[in-house]
């Protein structure tokens with residue numbers, strides 16, 4: 001069990017300030033239950049004492065550590081497919097905030113939020129796997145950059161809305177509110193990471209184990 005993941009999940013339990021201790025227990029099915037208010041339940045044991053800080057600050061620190069974990073995979077995919085690592089980081093930041101277990105209401109999965117059709121198209125066996133997801137998402141970005149002759153805005157728009165929508169819009173950003181908000185957001189991240197010389201991590205990256213995600217249940221008191 002990785003306590004960094006526990007901290008990130010437990011912060012969702014808090015309100016405006018993250019200051020509660022974090023308690024956990026594992027049930028008979030191997031599911032990890034987390035809470036910041038054990039409410040007298042003697043199954044919980046304290047696993048982490050968190051400092052008092054605004055939730056936004058705590059989440060930013062968690063995201064910074066999560067970014068660092070995936071930089072080796074991102075750099076490998078960038079070299080393999082000829083896509084800027086800054087762009088890969090920008091898409092991951094906008095899509096999932098470096099949450100490898102993210103699932104959207106539309107069924108997009110993982111770090112780069114791949115829908116099943118895109119995952120199948122680019123040979124992604126397990127969209128929850130950071131290795132598979134980053135490789136598949138980067139291959140898709142490389143494809144879109146070729147389709148739109150290196151036009152970054154159109155490639156990013158197509159990542160969100162699909163190539164067909166961009167083409168039908170006359171090779172412009174489609175008139176969808178979501179896409180028109182998404183493109184400048186990704187490009188802002190892209191410029192930020194370019195300014196960091198392509199290094200989106202503030203600390204040295206650690207190897208990522210390509211394993212199935214652990215099921216975590218966040219329990220209410």
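Key figures for this structure:
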| quantity | calculated |
| --- | --- |
| Using a Förster distance of 30 Å, the FRET efficiency for residue 29-residue 72 (Cβ separation, nearest 0.05) | 0.35 |
| Counting all C-alpha pairs of the range 71-195, share separated by more than 17 Å (%) | 53 |
| FRET efficiency, residue 188 to residue 104 (Cβ-Cβ, R0 22 Å, nearest 0.05) | 0.60 |
| Residue 46 versus residue 121: modelled label distance in nm, points set 7 Å from Cα along the beta carbon direction | 5.2 |
| Residue order, fewest to most surrounding Cβ atoms within 10 angstrom, among 65, 112, 46 | 46, 65, 112 |
| Label-to-label distance, nm, for residues given as residue 196 and residue 165 (7 Å Cα→Cβ offset) | 2.7 |
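Throughout, read-outs are computed from the coordinates displayed, never taken from laboratory work. Only a predicted model underlies this, so the values are computations on that prediction, with no experimental measurement involved. Quick reminder, even Gly has a Cβ in these numbers, built from the backbone with ideal geometry, and neighbours come from all protein chains shown.
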